[in-house]
Amino acid sequence: MRLMKFGGTSVGDPARVSNLCEIVRGALALQPVVVVSAASKVTDMLLTAARHAAAGTVDASPIEARVTGLLHAFGFERALVAAELDGLTAALTQIAARREATTELTDLVASYGERISVRFVAAVLTAKGVPATHHDAFDVGMTTDDHFGGAEPLPESEAALREAVGALVASGKVPVITGFIGKTRDGRVTTLGRGGSDYSAAVLGAAAGSDEIEIWTDVPGVMSSDPRVVPEAHTIPVLSFDEAAELAYFGAKVLHPKTIHPAVRQGIPVRVKNTFEPSHPGTVITAQGDPGARGARAIAHKKGVTVVNVVSTRMLLAHGFLARIFEVFARHRVVVDLVSTSEVSVSCTVDREDGLDGALRELAGIGEVSVQRDRTLVCVVAAGLFVNPEVCPRIFAALGREGIAVELLSMGASAINVSMVVPGARGDDAVRALHRELFGGAA
Ligand code: ADP
Ligand code: ASP
Ligand code: MG
């Protein structure tokens, strides 16, 4: 079978949905299993509605307007997703009653984007002569832990998904399954975190034995940089799992960072393609990557990053200093991306504020803590920095010419990435200057 995942933009406007149908029709011989996201903007709208509900206002009308606009474009009525829209209003009402959007209720609200999407996409496929069925992932075995907002599929999901998806494929209709969501063992709805439909697709594809996992999106593959920042960015035809993982982890939104794990475990290639240009081969991500690749490969960046510095002369060379700091972060579930140390200080970046306040209060007991907000993390991925030693000096020369200060620096032991933090206001300039230096062009 062939797992095909379509992201928010691919199910978010009528022309793209029509393309999706033709792409799936063209793949029928491969026994496609389709995973879809919520239509673009809908997850953001749902999260906003949850916040408003916590302040006492229950209003699902912006989501309803967006969704019915899509339905009407294909001649369908609200009735197709009435149960989901009603479920959404009920969840918002629960939030309003408590005056608090708990992570659990927020996940329940967010889940409706994908639950509406599968019903819509399956109906359009069927109407266009490609018989399809719709499924909520938790009904086909996607069981997760209870870390609402970033849940992990449990190991037992694999066998359950394999069996259920196998049966659906055998039925001869195209199954359309929700990305992004699951349920705990005791039946509470969870989400896998923003952008999590890619991860769902990889988990489902690996469980069901897909020969390749296709991620259909709005750009022709993984590119040398985010084309929204660098219009000259080019598609990278072949990437290794390691290179793709670094890029995704350091901000290339085109792929959820965890997507690669299930694929790596089973050696399944992941292909990223453009719904508006189906004949473009896009990017294929394989275990080996491109053995002929040399020098810089791509530049990823992540905005809104916070740097935490802990300075402690008392702790100079003391054993257990780093362990104490990271134990605090771990307990508060704060994810640390980059770390850089000097004799008396530790600096690290975190990409979310969740849990940070509590962690900072505790860190103040270990050393002097300072925080820099609104930073941009820039990551250059290269094919072997040790064998291509010219890459690093070119990075610093390019940034130096632009007068951009590097505030924190880290080079992974994997020797395929150099990551740095620059002031947020210069983030885009840094990415463009590096792209110009490393790949040429007029960016
Ligand atoms: P989808 O809705 O299909 O999941 P996303 O918006 O999550 O799509 O991801 C696609 C977007 O990722 C692109 O529109 C692009 O702006 C962004 N992006 C960031 N870095 C890269 C990169 N290196 N290559 C391609 N796209 C990138
Ligand atoms: N709809 C979810 C989000 O916007 C998941 C996804 O699109 O991958 O984050
Ligand atoms: Mg995405």
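A quick yes/no check of all residues on (1) assigned to a loop (DSSP other than H, G, I, E, B); (2) under 22 Å from ILE116 (Cβ atoms):
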position: VAL130; (1), (2): yes, yes
position: HIS134; (1), (2): no, yes
position: ASP139; (1), (2): no, yes
position: ALA159; (1), (2): no, no
position: ARG162; (1), (2): no, no
position: VAL169; (1), (2): no, no
position: GLY172; (1), (2): yes, no
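In region 287-299, which residues are more than 25 Å from GLU437 (Cα to Cα) and either aliphatic (A, V, I, L, M) or assigned to a strand (DSSP E or B) (or both)? Reasoning before the result, please.
Looking only at region 287-299, we keep the residues that are more than 25 Å from GLU437 (Cα to Cα), and these are 287-288.
Residue satisfying the conditions is ALA287 alone.
Run down LEU20, LEU46, LEU3, LEU28 and say which single residue is away from ligand 1 (no atom under 16 Å from the Cβ) and either under 20 Å from ALA263 (Cβ atoms) or hydrophobic (A, V, I, L, M, F, W, C) (or both). So that I can check it myself, show each step before the final result.
Working: LEU20 fails: away from ligand 1 (no atom under 16 Å from the Cβ); LEU46 fails: away from ligand 1 (no atom under 16 Å from the Cβ); LEU3 fails: away from ligand 1 (no atom under 16 Å from the Cβ).
Criteria check complete, one pass: LEU28.
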Query raised in the report: Does region 264-288 hold any residues that are more than 20 Å from GLY412 (Cβ to Cβ) and more than 16 Å from ligand 1 (Cβ to nearest atom), and which are they?
Result: ARG265, GLN266, GLY267, ILE268, PRO269, SER279, THR286
Query raised in the report: What are the pairs, 6+ residues apart or on separate chains, where a residue within region 20-42 that is closer than 12 Å to VAL118 by Cβ has its Cβ under 6 Å from a residue that is within 16 Å of ligand 1 (Cβ to nearest atom) and of a type in the set (Lys, Arg)?
Result: VAL35/LYS5
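Tell me, yes or no, whether region 69-88 has at least one residue that is under 22 Å from the mean Cα position of the chain (by Cα) and within 16 Å of ligand 1 (Cβ to nearest atom).
No, every residue in region 69-88 fails to be under 22 Å from the mean Cα position of the chain (by Cα) and within 16 Å of ligand 1 (Cβ to nearest atom).
Suppose we filter ARG373, ARG352, ARG401, ARG436 for residues that are touching a residue at least 40 places away in the same chain (Cβ under 8 Å) and not aliphatic (A, V, I, L, M); which single one remains? Before the answer, list the steps.
Working: ARG352 fails: touching a residue at least 40 places away in the same chain (Cβ under 8 Å); ARG401 fails: touching a residue at least 40 places away in the same chain (Cβ under 8 Å); ARG436 fails: touching a residue at least 40 places away in the same chain (Cβ under 8 Å).
That would be ARG373, the only listed residue that is touching a residue at least 40 places away in the same chain (Cβ under 8 Å) and not aliphatic (A, V, I, L, M).
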Query raised in the report: When you go through ALA38, ALA53 one by one, which is the residue that is within 16 Å of ligand 3 (Cβ to nearest atom) and modelled with pLDDT of 95 or more?
Result: ALA38
**Report entry** Single condition ILE268 does not satisfy, out of (1) touching a residue at least 60 places away in the same chain (Cβ under 8 Å); (2) assigned to a loop (DSSP other than H, G, I, E, B); (3) within 16 Å of ligand 3 (Cβ to nearest atom); (4) among the β-branched types (Val, Ile, Thr)
**Finding:** (3)
Query - Neighbours by Cβ (under 6 Å, 6+ apart or cross-chain): first from region 244-265, free of Cβ contacts under 8 Å to residues at least 24 places away in the same chain and part of a helix (DSSP H, G or I); second more than 12 Å from ligand 2 (Cβ to nearest atom) and among the hydrophobic types (A, V, I, L, M, F, W, C) - result: ALA245/ILE260; PRO257/ALA248; VAL264/PHE241
Query raised in the report: Could you list, in sequence order, the residues of region 26-85 that are part of a loop (DSSP other than H, G, I, E, B) and not small (Gly, Ala, Ser)?
Result: GLN31, LYS41, THR57, VAL58, ASP59, PHE74, PHE76, GLU77
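Can you tell me which residue is farthest from ligand 2 (Cβ to nearest atom) among those in region 33-45 that are buried (at least 24 other Cβ atoms within 10 Å of the Cβ) and not polar (S, T, N, Q)?
VAL33
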Query - The one condition in (1) over 20 Å from GLY251 (Cα atoms); (2) in contact with a Ser or Thr (Cβ under 8 Å, 6 or more places away or on another chain); (3) free of Cβ contacts under 8 Å to residues at least 60 places away in the same chain that VAL176 fails to fulfil - result: (3)
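What is the residue count in region 46-73 for residues that are over 18 Å from THR89 (Cα atoms) and within 16 Å of ligand 2 (Cβ to nearest atom)?
Initially, region 46-73 is screened for residues over 18 Å from THR89 (Cα atoms), giving 69-73.
Cutting the leftovers down to within 16 Å of ligand 2 (Cβ to nearest atom) gives us 70.
The qualifying residues number 1.
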Query raised in the report: Pairs under 7 Å by beta carbon, first residue of a type in the set (Phe, Trp, Tyr) in region 3-16, partner more than 9 Å from ligand 2 (Cβ to nearest atom) and in a loop (DSSP other than H, G, I, E, B), six or more apart or different chains?
Result: PHE6/THR275
Requested in this report: Tally the residues that are in contact with a strand residue (DSSP E or B) (Cβ under 9 Å, 6 or more places away or on another chain) and either within 16 Å of ligand 3 (Cβ to nearest atom) or without any contact (Cβ under 8 Å) to a residue 40 or more places away in the chain (or both), restricting the search to region 179-203.
Outcome: 13
Query raised in the report: VAL284 passes all but one of (1) in a loop (DSSP other than H, G, I, E, B); (2) surrounded by fewer than 23 Cβ atoms within 10 Å (Cβ to Cβ); (3) in contact with a strand residue (DSSP E or B) (Cβ under 6 Å, 6 or more places away or on another chain); which number fails?
Result: (1)
Report task. Output the residues belonging to region 271-280 that are more than 16 Å from ligand 3 (Cβ to nearest atom) and free of Cβ contacts under 8 Å to residues at least 60 places away in the same chain. Result -> GLU277, SER279
Query raised in the report: Is it fair to say VAL238 is free of Cβ contacts under 8 Å to residues at least 60 places away in the same chain, touching a Gly at 6+ places or on another chain (Cβ under 7 Å), within 16 Å of ligand 3 (Cβ to nearest atom) and closer than 29 Å to MET420 by Cβ?
Result: no
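The values are calculated or read from the model by the stated rules, or taken from the named source; none is laboratory data. All values reported here derive from a predicted model rather than from experimental measurement. A quick note on method: Cβ atoms are made from the backbone with ideal geometry, for glycine too, and the neighbour counts reach across all protein chains shown.
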